[in-house]
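This report refers to the structure that appears directly beneath it.
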Amino acid sequence: MTAPQTTAHPPAPLGTLRTAVSRPFVAMLAATAVPVAVQSLLSSTRGVVDSFLVSHLGTDDVAAVGYSSRVLLVVMLAAMGMSDGGSVVIAQFWGAGNVAKTRQATALTMLAAVGFGVVACTTCFVFARQIASIGTSDPDVIALGARYIRVVIWMVLPFGVTSSLAGSLRSLGHARVGMRFTVIGVLVHIALAYGLIFGNFGLPRLGIAGAGWSTLLSAIVEAGLFATWVYVKRHPMAFSLADLRDGLRAGILSLIRRVGVPVSISSVSWAVGIFAYTALVGRAGTLELAVLAIITPIEAVAIAFISGISVSTTVIVGNRLGKGEPTADTWRTSKALLLWSTSIALVLGVALMCTRPFLDDIYSGVDPQSLAAARDAVLVLGALFVFRALAITLQNGLLRAGGDTVYIVFADMTCQWLVAVPLVALTALVWHLPFGIILLAIYSEEIVKTVISGYRVYRRRWMRSVVEEVS
């Protein structure tokens, strides 16, 4: 008697929640998200260290570092925009299994990032005093800010090397490498900052300029270690001049520009908006500017964790789009990533509120009025942080993975310049409201962006491969 034949059916796909908590998915997410989060967290400590050490010099120095750091952020994000755009192309080439074009895309991404950095750094060095005077009328803060900008701005060049290589290795699943070198870079920065700001370890006492030199020198060390490792290990991404030539002939630079230029424009637009917030707050008074300088590094620490989820989202979804995975499977993965981002953001919001009692100890050199305003500001910051986290994951994670970068430019510019900047101008300069309300006006950008970008993601038209034409 013959046993009845049975037809084997593939297992039914997991739901979003079961996918999010499944061991393979968590392991895949953690492989990129944890190293990137640690790397971003360590990088953000540079701002915390500078603010903490410079706070012992006085409120004007804290305000100058806080304002000038916004200038640096604009240039860094523009360079990073090319790196991030290149990372989208790299992730999709790698997902498609094309190692040669992945390496060529890495080479051209670095060329674009560093080339932009040269132009931007030269401009900021020449016009440092004029740039510093945009955000404040205080002559002491202007002088200190210009001194800091002329030194620290050059760190964008080694940063372009680091961000390009780090983005490439993350797309290949080697995110831990960048984390190790960032640890070394941060330790070098802390030692140099302590030595050069106050004249310790036999080093000259440079004050606020010492903070700039410590950032620049540590960035050079980090980039040097990164490049040395790639070539000593003979990593697949150790490109040559031939890779630059072949990539140009294949049209990869044009592809990187197509994806990366909108990312750069979006990043610059966002950063200029942040700069505009700082300038408006600075016009409201040095106290408000100092409060912004106090809470910005604290917020940056929280953003570091979300950056890990966002970058991991770009890599995971970009690889799937590159290999042509079914849309339903990619959508389920995308929803699981959003679930993780939301959960972590809620925890981080509570953690931000819990920093309130420690501000007096961290910023002991700042005047009591500024500290009182900062304590109120971190409560608002924690309550609204979930919107910042979701906006980052939706735009910089999912939409960027599908190359939907033109929309991101539209969303960033609309939400900043038509919503948030006018509200900040009204609350800070016209109505003279408390800083907590001004911060709510700043965050109105993230609230609107979360709504419109969430709808964009829900429609799923962003799910496409951008590398098919050169694959």
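The values are calculated or read from the model by the stated rules, or taken from the named source; none is laboratory data. All values derive from a computational prediction rather than experimental measurement. Cβ atoms come from the backbone with ideal geometry, glycine included; neighbour counts cover every protein chain shown.
Worth pointing out:
- The condition of being modelled with pLDDT of 90 or more and among the hydroxyl-bearing types (Ser, Thr, Tyr) holds for only one of Thr182, Thr162, that being Thr162.
- Of the residues examined, Val188 is one that is modelled with pLDDT of 90 or more, assigned to a helix (DSSP H, G or I) and touching an Asp or Glu at 6+ places or on another chain (Cβ under 9 Å).
- Some residue of the range 263-275 being touching a Lys or Arg at 6+ places or on another chain (Cβ under 8 Å) and either modelled with pLDDT of 85 or more or not in a helix (DSSP H, G or I) (or both): no
- Restricting attention to the range 274-287, the residues that are buried (at least 24 other Cβ atoms within 10 Å of the Cβ) and β-branched (Val, Ile, Thr) total 2.
- In the range 390-418, residue modelled with the lowest pLDDT [restricted to those that are of a type in the set (Val, Ile, Thr) and buried (at least 24 other Cβ atoms within 10 Å of the Cβ)]: Thr405
- No other residue among Ala271, Ala290, Ala302 is buried (at least 20 other Cβ atoms within 10 Å of the Cβ) and more than 30 Å from Asp404 (Cβ to Cβ) apart from Ala290.
- Every residue from the range 355-370 that is under 16 Å from Ile298 (Cβ atoms) and touching a residue at least 24 places away in the same chain (Cβ under 8 Å): Thr355, Leu359, Ile362, Tyr363, Ser364, Val366, Ser370
- Boolean, Leu172 is touching a Gly at 6+ places or on another chain (Cβ under 6 Å) and in contact (Cβ under 8 Å) with a residue 12 or more places away in the chain: no
- Restricting the range 173-204 to residues that are crowded, with 21+ Cβ neighbours inside 10 Å and of a type outside the set (A, V, I, L, M), the residue that is farthest from Gln39 (Cα to Cα): His189
- For the range 207-262, the set of residues classified as surrounded by fewer than 20 Cβ atoms within 10 Å (Cβ to Cβ), of a type in the set (Phe, Trp, Tyr) and in contact with a Phe, Trp or Tyr (Cβ under 8 Å, 6 or more places away or on another chain) consists of Trp229 only.
- Hey, Arg70 of a type in the set (D, E, K, R) and modelled with pLDDT under 80 or not: yes
- Considering Ala219, Ala227, Ala209, Ala238, the condition of being modelled with pLDDT of 85 or more, touching a helix residue (DSSP H, G or I) at 6+ places or on another chain (Cβ under 8 Å) and not in a helix (DSSP H, G or I) is satisfied by Ala238 alone.
- Taking the criterion of being free of Cβ contacts under 8 Å to residues at least 60 places away in the same chain and over 21 Å from Ser341 (Cα atoms), the residues of the range 372-406 that qualify are Ala372, Arg375.
- Inclusion of Arg180 among residues that are free of Cβ contacts under 8 Å to residues at least 24 places away in the same chain, out of contact with any Ser or Thr (no Cβ under 9 Å at 6 or more places or on another chain), of a type in the set (Lys, Arg) and assigned to a helix (DSSP H, G or I) is warranted.
- Of all residues in the range 101-112 being of a type outside the set (Val, Ile, Thr) and within 17 Å of Arg170 (Cα to Cα), the one that is farthest from the chain's Cα centre (by Cα): Lys101
- Of all residues in the range 310-336 being within 11 Å of Ala33 (Cα to Cα) and of a type in the set (A, V, I, L, M, F, W, C), the one that is surrounded by the most Cβ atoms within 10 Å (Cβ to Cβ): Val315
- Residue match in the range 119-139 (condition: at pLDDT below 85 and under 18 Å from Gly224 (Cα atoms)): no
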